[in-house]
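Written below as structure tokens is the structure these notes are about.
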Amino acid sequence: MSPATVVLLLSLLLGIQPITTDVYLPALPGLTESFGAPLSQAQLTLTALLLAFGTSQLVWGPLSDRFGRRPVLLAGLAAYTLASIGCVLAPSMPLLIVWRTLQGAAMGAAVMCARAIVRDLYTPEAGARVMSKGLSGLGVIACLCAPVGGLLADVSGWRSALAVLGVFGAGTLALVALRYQETVPRRNPQALQPRMLASTWAAIVRHPTFIAYSLLSTAAYAGLFTFLASSSFVFIKVLGLTRTQYGLAMFSMSLVYILGTFACRRLIPRFGVQRTVALAAVATLAGGTTMGVLALAGVHTVWAILLPYWLFMLGHGVHQPCGQSGAVGPFPQAAGAASALNGFILTLVAFGVGRWVGTRLDGSVFALANGVWFWSVCIAGIAWTLVQRLGRVAPAA
């Protein structure tokens, strides 16, 4: 596959995650009202999806090491498309939660394989730069998601917003079927044996590089998910934005994130991965702290959330590619298992964040602001301690 094809495939496979959440967010308040469901039940359509997404990767990862990435991708994307159709046709909130859970489990195959493909083809340092390109594509997709979702929710209702997911899944499935060439250098026939699997997982979770970069990517995603799980209610219900205006606010977040991924590619050759992560943490901590302090001071406006979160997203554009590629980097022969464990930890924490947010949304901005502030402190602590204690990573050539 050409480098351009690899980046396109990575962009779509990684982009399936934001499109599954971001298109849906502007429609969430209307969906909740349509079914007459409580807010906590509506949050389950997001948190259950993420729990299934993380847990399923523990199955998809070893399967991809045993049989290759291609069959796992084809099965996962086909299931995702069918689950998307089920979401559109769901007649009740409980059935929508079931279909969203299946959708999350299928989505796990795409994202897990994307991270593993980077390790199949590249060294860890080069992988961080290639991952940042794929995440730039993810950012472009995310830029479109919220405005499109908001517009569709305003014009034709929440079911049309969910229909976009089925179209995206079918298109990605077709591209993988036609263009993707297997990247696993050598299939591992023992990958599914319980004793071998337990030994592999034990070796992965004890590795200091995996620990440091998994914690970094997990804390960064937890900060993002705090925003995703609460922002539609805060911006629309508390601060009075329309769904379309909210979509434009989300567009701006994605645009800043893209700038962060571009900065990542510029900084890594000059400073190396570790120093780049440390520099990005300055922006993360500044953004989270500013948001939290403004909320405590009683400044509850759109700009008091939007401007600080731009700083957070700038850092996020560095922490995610470095964290995800770094966690898988030491395991070229078990990239699927390492990617799966990283994804499982990340989404397990996100599930907990979603449940916490669901109980803290009280008609104010504090759940959003305090959550982002907390995770920004965690990110900075990890970036400035655990990541810096690893053996020095030389700048990529």
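Where a number appears in this text, it was derived from the coordinates with a stated rule and is not lab data. Everything numeric in this text was worked out from a predicted model, so none of it was measured. So basically every Cβ, Gly included, is an ideal-geometry build from the backbone, and we count neighbours across all protein chains shown.
Tabulated data for the structure shown
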read-out	value
In nm, spacing of pseudo-spin labels at residue 5 and residue 307 (7 Å Cα→C-beta vector)	4.8
Phi to ³J(HN,Hα) by Karplus 6.51 cos²θ - 1.76 cosθ + 1.60 over region 277-283, Hz, x for Gly, Pro	4, 5, 5, 5, 5, 4, 5
Selected from 38, 62, 330 as most flexible by GNM, with the chain as the system and alpha-carbon contacts under 10 Å	38
Rounded D (µm²/s) - the chain, Kirkwood Rh over Cα pairs, Stokes-Einstein at 20 °C, 1.002 mPa s	104
15 Å beta-carbon shell around residue 136, net charge (K/R +1, D/E -1)	+4
For the chain, built as a Gaussian network whose Cα springs stay under 10 Å, the top-fluctuating residue of 374, 366, 35	35
Residue 140-residue 255 pseudo-label distance in nm [points 7 Å out on the Cα-to-Cβ vector]	1.6
Segment residue 192-residue 159, extension gain: residue separation times 0.36 nm, minus the distance between their alpha carbons	8.0 nm
Region 267-320 versus region 84-110: alpha-carbon centroid distance in Å	33
Fewest-first sequence of 300, 319 by Cβ atoms within 10 Å of each Cβ	300, 319
Counted charge near residue 249, where neighbours are those whose Cβ lies closer than 12 Å (Asp, Glu -1; Lys, Arg +1)	0
HN-Hα J in Hz across region 144-159 - Karplus 6.51, -1.76, 1.60, θ = phi - 60°, x for Gly and Pro	7, 4, 5, x, 5, x, x, 5, 5, 5, 6, 8, 10, x, 5, 5
Those residues of region 330-363 whose amide nitrogen sits under 13 Å from the label point placed on residue 121, 7 Å along Cα→Cβ	none
Neighbour-count ranking [beta-carbon atoms within 10 angstrom, fewest first] of 228, 74, 346	74, 228, 346
Cα centroid of region 187-208 to Cα centroid of region 121-167, whole Å	32
Gyration tensor verdict on region 166-257 (Cα atoms; rounded if a/c is under 1.5, prolate if a/b is larger than b/c, oblate otherwise)	oblate
Convex hull (Cα only) mean projected area of region 1-99, reported in nm² to one decimal	7.1
At most 11 other Cβ within 10 Å, DSSP loop - trypsin sites (Lys or Arg not before Pro), region 359-392	392
Fewest-first sequence of 11, 217 by Cβ atoms within 10 Å of each Cβ	11, 217
GNM flexibility winner over the chain from 347, 209, 200 (Cα, springs under 10 Å)	200
Formal net charge of residues neighbouring residue 15 (Cβ-Cβ distance under 15 Å; K, R +1; D, E -1)	+1
